[in-house]
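Student: Submitted below is the structure of interest, expressed as structure tokens.
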Amino acid sequence: MYYKVKYNEISVNYLPELDGGGMTFGQQYLSVIREKVGRVGHAFEYCAGPGFIGFSLLANGLCDRLTLADVNPAAVKAVQTTIRENRLEDRVRVYQSDCLDDIPATERWDLVVSNPPHWDGTEESYREAIRLVDPGWVIHKRFYRDVKKFLAPNASIIFQESSHATKRDDFEPMIKENGLDLVEVFEATPPKGRFDFTAPQWVHKLTRAIAHRTMLPLEKLLMVPGVEKALKDNDLYRKISALPGLAPTQFYFMWSKAQPAAAVSARATNGSTASHVPPPRGGGSRVPPAGLN
Ligand SMILES: C[S@@+](CC[C@H](N)C(=O)[O-])C[C@H]1O[C@@H](n2cnc3c(N)ncnc32)[C@H](O)[C@@H]1O
């Protein structure tokens with residue numbers, strides 16, 4: 001028996017143990033996609049879990065079609081139930097896939113979104129917590145290595161990452177090595193009404209260093225089945241966690257794009273390694289926010 005969260009006309013099925021935050025901070029994608037990319041034809045959610053992010057984009061008219069994939073069969077089953085119950089068979093597909101290994105070669109996406117596992121760790125810690133740990137960054141590395149063949153011209157990839165766990169330098173080489181351009185690293189606009197205080201850089205560095213040591217054990221504890229059930233399996237949690245003003249603020253977005261073929265061939269001819277950076281849409285700043293360097 002699933003819980004349900006409703007995004008306009010779409011009712012999304014989930015279990016607490018499949019939730020990786022897409023229902024709370026993952027909803028920052030709505031304003032991000034509106035501001036940076038606009039409506040697209042075909043969106044893909046990588047490491048989708050129950051598809052909170054993808055279904056919310058679809059329900060809000062930010063994509064016409066949606067494809068989702070996750071390695072966990074329980075997550076895929078929840079998505080299949082959502083597709084069936086909402087009669088979305090003609091617009092939504094889901095694949096069980098370890099990274100992009102089992103995605104059909106015919107898939108072409110205009111936008112890729114993902115709230116992937118955010119913490120580096122061992123294989124053993126990955127097996128204990130597949131929502132949290134990306135062992136040796138293989139889930140990111142294999143994605144950036146393989147994604148190009150699935151991208152439509154001008155497609156965008158926007159990943160949501162945690163500044164408690166990582167910084168842009170962890171991902172920038174993976175993006176560039178695989179012939180993608182890093183367009184922008186940015187934070188979501190804080191929701192209206194949130195107290196907006198810009199702390200000095202040293203405060204960001206200190207809090208990030210402390211969080212880096214303390215947050216993974218805490219997040220793991222919160223995902224122990226009994227603890228997670230006790231904490232999340234109630235209406236109060238569901239109501240509170242959906243309040244935008246209470247969404248955690250440690251998340252940032254890495255926006256990359258395939259290099260246009262013309263720019264790649266010009267670079268090969270000139271021997272230039274300079275990166276093509278198209279102008280931001282919606283006036284977004286390309287200066288990384290404090291604490292993301
Ligand atoms: C942080 S959770 C995000 C879940 C959901 N997207 C959300 O926002 O709530 C990370 C997801 O990555 C999935 N995952 C872990 N390893 C994977 C792999 N090798 N291939 C595909 N998905 C994977 C997990 O099953 C989990 O659903």
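Student: Tabulate in residue order the Karplus-calculated ³J(HN,Hα) for region 29-44, using 6.51 cos²θ - 1.76 cosθ + 1.60 with θ = phi - 60°, rounded to whole Hz; enter x for Gly and Pro.
Tutor: 4, 4, 5, 4, 5, 4, 6, 9, 10, x, 5, 10, x, 10, 9, 10
Student: Next question, about the same structure. Can you classify region 99-193 as rounded, prolate or oblate using the Cα gyration tensor, where a ≥ b ≥ c are the square roots of its eigenvalues, rounded means a/c under 1.5, and otherwise it's prolate if a/b beats b/c and oblate if not?
Tutor: Verdict is oblate for region 99-193.
Student: Using label points projected 7 Å from each Cα along Cα→Cβ, tell me how many nm separate Asp98 and His212, to one decimal.
Tutor: Simple spin-label model gives 3.0 nm for this pair.
Student: Count charges around Ala242 for me, please; just the other residues with Cβ under 13 Å from its Cβ, Lys/Arg as +1, Asp/Glu as -1.
Tutor: On the way: positive: Lys4, Lys6, Lys232, Arg238, Lys239; negative: Asp19, Asp235.
Local charge sum for Ala242: +3.
Student: Quick check: residue separation of Asn234 and Glu128 times 0.36 nm, minus the Cα distance between them. What number comes out in nm?
Tutor: Details: separation 106, 0.36 × 106 = 38.16 nm, distance 2.42 nm.
Additional length available on full extension: 35.7 nm.
Student: Which net charge results for the neighbourhood of Asp233, defined as the other residues with beta-carbon distances under 14 angstrom from its beta-carbon, given Lys and Arg at +1 and Asp and Glu at -1?
Tutor: Numbers: positive: Lys4, Lys229, Lys232, Arg238, Lys239; negative: Glu17, Asp19, Glu228, Asp235.
Once positives and negatives cancel, what remains is +1.
Student: A further question follows. Order by neighbour count: Arg93, Arg142, fewest other Cβ atoms within 10 Å first, most last.
Tutor: On the way: Arg93 20, Arg142 16.
Ranking Arg93, Arg142 by Cβ neighbours within 10 Å, fewest first, gives Arg142, Arg93.
Student: 5 Å is the cut-off here: which amide hydrogens, built 1.01 Å from N in the peptide plane, fall below it relative to Ile10, excluding neighbours closer than 5 in sequence?
Tutor: none
Student: Treating only the Cβ of Lys, Arg, Asp and Glu as charged (+1, +1, -1, -1), what charge dipole size does region 3-283 show about its Cα centre? Round to the nearest 20 debye.
Tutor: Details: 35 positive and 34 negative charges, 124 e Å.
Here region 3-283 has a charge dipole of around 600 debye.
Student: Now for a separate question. Taking square-rooted eigenvalues a ≥ b ≥ c of the alpha carbon gyration tensor, is region 7-102 rounded, prolate or oblate, where a/c under 1.5 means rounded and, failing that, a/b exceeding b/c means prolate? Mind showing how you got there, number by number?
Tutor: On the way: a/c = 1.38, a/b = 1.33, b/c = 1.04.
Judged from the Cα gyration tensor, region 7-102 comes out rounded (a/c under 1.5).
Student: Can you give the local net charge around Asp98? Use residues other than it whose beta-carbon is closer than 10 angstrom to its beta-carbon, Lys and Arg +1, Asp and Glu -1.
Tutor: Numbers: positive: Arg142; negative: Asp70, Asp101, Asp102.
Residues near Asp98 contribute -2 overall.
Student: Hey, which of these cross-link pairs are over 23 Å Cα-Cα: Lys36/Lys239; Lys36/Lys167; Lys4/Lys232; Lys141/Lys229; Lys36/Lys257?
Tutor: Numbers: Lys36/Lys239 29 Å; Lys36/Lys167 21 Å; Lys4/Lys232 13 Å; Lys141/Lys229 32 Å; Lys36/Lys257 13 Å.
Over 23 Å apart, Cα to Cα: Lys36/Lys239; Lys141/Lys229.
Values in this text are rule-based calculations from the coordinates and carry no lab data. Fair warning: this is a prediction, and the values are worked out from it, not measured in the lab. Here Cβ is always computed from backbone atoms with ideal geometry, including for glycine, and neighbour counts include all displayed protein chains.
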